[in-house]
Amino acid sequence: QDEFLDVIYWFRQIIAVILGIIWGVVPLKGFVGIAIFCLINAGVLYLYFSSFQQIDEEEYGGTWELTKEGFMTSFALFLVVWIIFYTAIHYD
């Protein structure tokens, strides 16, 4: 059970780095970037554990518990990567 939660945690961190790089290069700004990140992060993860892995969510505390597993750390990582790439590429 802990191994699956670790997979979800690190999967989220990978998504955060990739989206942070994309958002910094594009250049996406403001609340729209944050909202799209949250939707993509939660959506991809939900599809992963509900469709691809086909696990019983109740065994892990429900859908909400799986969806929020590692979210805040991935959000912080996303913001750091986004800010670094945006500043490095688009700083005047």
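Largest first, how would 50, 74 line up by accessible area (1.4 Å probe)?
On the way: 50 30, 74 0 Å².
Sorted by accessible area, descending: 50, 74.
I need the P(r) histogram for the range 30-79: all alpha carbon pairs, bin width 10 Å from 0 out to the longest distance, whole percents.
24, 51, 22, 3
Please give me, ordered by residue number, the chymotrypsin sites (Phe, Trp or Tyr not before Pro) of the range 10-92 that lie in loop per DSSP and have at most 15 other Cβ atoms within 10 Å. Mind dumping the intermediate values first?
On the way: sites: 10, 11, 23, 31, 37, 46, 48, 49, 52, 60, 64, 71, 75, 78, 82, 85, 86, 91; in loops: 91.
Passing both the DSSP loop test and the Cβ count: 91.
Could you give the nm distance between label points at residue 52 and residue 38, where each point is 7 Å from its Cα heading toward the beta carbon?
2.3
Quote the FRET efficiency, to the nearest 0.05, computed for residue 3 versus residue 89 with a Förster distance R0 of 41 Å and r equal to the Cβ-Cβ distance.
0.65
With r as the distance between the Cβ atoms of residue 25 and residue 64 and R0 = 41 Å, compute the FRET efficiency 1/(1 + (r/R0)^6) and round to 0.05.
Numbers: r = 32 Å, r/R0 = 0.79.
In this case the efficiency is close to 0.80.
Going through the range 4-68, which trypsin sites (Lys or Arg not before Pro) have at most 12 other Cβ atoms within 10 Å and a DSSP loop state?
Details: sites: 12, 29, 68; in loops: 29.
Passing sites in the range 4-68 are 29.
What number, in percent, do you get for the relative contact order of the chain if the mean sequence gap of Cα pairs under 8 Å and at least 6 apart is divided by its residue count?
Details: 67 pairs, mean separation 50.6, N = 92.
In percent, rounded to a whole number, it is 55.
Which ³J(HN,Hα) values, rounded to whole Hz and listed in residue order, are derived for the range 15-28 from phi using the Karplus coefficients 6.51, -1.76 and 1.60 in 6.51 cos²θ - 1.76 cosθ + 1.60 with θ = phi - 60°, glycine and proline given as x?
With the stated coefficients, the range 15-28 comes to 4, 4, 5, 4, 5, x, 5, 4, 4, x, 7, 4, x, 9 Hz.
In units of 2.2 N^0.38 Å, what is the alpha-carbon radius of gyration of the chain? Each step should come with its number before you reach the end.
Values: Rg = 14.4 Å, N = 92, 2.2 N^0.38 = 12.3 Å.
Working it through for the chain, the quotient is 1.18.
For the chain, what does the helix formula give at 222 nm: sum of -39500 (n - 2.57) over DSSP H segments with n ≥ 4, over the residue count, nearest 500 deg cm²/dmol?
Details: 4 runs with 68 residues, N = 92.
After summing the helix terms and dividing by the residues of the chain, the value is -25000 deg cm²/dmol.
Can you run phi through the Karplus equation (6.51, -1.76, 1.60; θ = phi - 60°) for the range 59-69 and list ³J(HN,Hα) in whole Hz, with x for Gly and Pro?
The phi angles translate into 5, 9, x, x, 4, 4, 5, 5, 5, 8, 4 Hz.
The values are calculated or read from the model by the stated rules, or taken from the named source; none is laboratory data. Note that this is a predicted model, so its numbers are computed, not measured. Using ideal geometry, Cβ is built from the backbone for each residue, glycine included, and neighbour counts are taken over all protein chains shown. Just so you know, the surface numbers come from the protein's heavy atoms only, side chains and all, with ligands and any DNA or RNA stripped out. Shrake-Rupley method; radii C 1.70, N 1.55, O 1.52, S 1.80 Å.
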